[in-house]
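Notes follow once the structure below has been shown.
Coordinate-derived values only; no laboratory data. Bear in mind that the values here come from a model prediction, so they are computed numbers and not experimental data. Ideal geometry is used to build each Cβ from the backbone, glycine not excepted, and the neighbour counts take in all protein chains shown.
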Amino acid sequence: MSRKKYLIIGCNGFIGLHLTNYLNESGCEVAGADINANFNKALTHNKYFELNTEKMNYDFIFANQDFDFCINCSGAASVPNSLNNPLFDFELNSLNVFKILNSIRLYNPSCNFINLSSAAVYGNPSSLPVSEKDSVHPISPYGIHKYMSEEICREFHVNFRLNTCSLRIFSAFGEGLRKQFFWDLFHRMKGAEGEIELYGTGKETRDFIYINDLVKAIELVSLNSNFKADVINIANGVEIEIVEAATIFKSFLGFNGEIVFNGNFREGDPLNWCADISKLISFGYKSSFSLQTGIENYINWIRNIKN
């Protein structure tokens with residue numbers, strides 16, 4: 001049996017880097033594409049495609065070889081930045097998906113396309129856990145553009161019969177992530193004395209998934225999705241209060257101060273998230289990493305890098 005051929009677009013990013021390494025270790029044939037000339041060390045020169053940021057085009061990749069799967073790990077992932085620069089966010093999270101799919105349509109129509117969407121499409125769900133069948137109400141440009149990318153995947157499936165799938169990823173974290181809640185928490189606590197102040201009440205909730213579980217989930221999707229504009233929640237189905245996550249983080253870091261919540265909320269941030277992951281479980285998914293283990297690994301990684 002021939003090895004499955006994967007193309008990871010955004011292979012130098014947080015998820016893309018871990019996914020590339022994981023699929024290589026699983027015995028797959030993996031190629032990567034990104035804007036950075038310093039490619040993933042897991043890739044060889046002839047398996048890396050450098051993208052032009054000024055004129056993003058994917059024809060030269062798909063015109064030269066076929067892939068079984070293309071996984072789009074590129075794009076912007078910041079609600080605040082999407083509010084400050086919505087055009088940039090749209091170009092990376094919506095228009096870019098259209099360009100990739102159009103190249104697949106022209107040159108590699110049998111390729112199965114997986115787009116990394118976001119739980120941000122749900123906004124503030126009316127009830128939890130939220131399932132893929134529930135209505136979406138994004139509350140930020142980021143969430144809107146991610147939902148637009150899902151509709152683009154549907155467009156290319158319905159009109160051009162391409163095999164597409166969108167993954168609504170919840171609160172992913174792990175080694176290599178240099179932003180978002182745990183990264184900010186580390187730098188707030190490091191060297192601090194007394195108390196640190198955080199947004200919200202602490203009662204807000206998230207559904208965290210550690211990066212090693214996430215890449216396994218993506219592989220399972222690639223092997224089990226029907227690719228008929230499929231939409232799948234990627235999470236652990238566990239609702240965790242922010243105060244609980246911060247307390248766990250504090251204990252592993254050894255921070256002796258107090259955590260205080262100021263009651264203020266940032267524009268575009270949802271209040272509560274928890275995913276119904278029945279579909280993902282039906283593919284064989286089972287978490288291998290607790291939140292505690294993931295946080296401990298993440299802290300150890302941060303301590304060993306040059307910030």
| task | Starting from 0 in steps of 10 Å, tell me what percent of the Cα-Cα pairs of the stretch 111-190 lands in each bin. | result | 17, 37, 31, 12, 3, 0
| Counting each DSSP H run of 4 or more residues in the chain as -39500 (n - 2.57), what helix-only mean residue ellipticity at 222 nm follows after dividing by all residues, to the nearest 500 deg cm²/dmol? | -11000 deg cm²/dmol
| field | Placed amide H near G32: partners under 5 Å, 5+ positions off or other chain | value | I8, Y48, F49
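Ranking request for peptides 244-250, 70-76, 177-183: highest mean number of other beta-carbon atoms within 10 Å first, then the rest in descending order. Spell out each step's value before the answer.
On the way: 244-250: 18.0, 70-76: 24.7, 177-183: 15.6.
The peptides rank, most packed first, as 70-76, 244-250, 177-183.
Of all DSSP beta bridges located in the chain, what percent are antiparallel, nearest 5?
Working: 2 of 39 bridges.
Here the antiparallel bridges make up roughly 5 percent for the chain.
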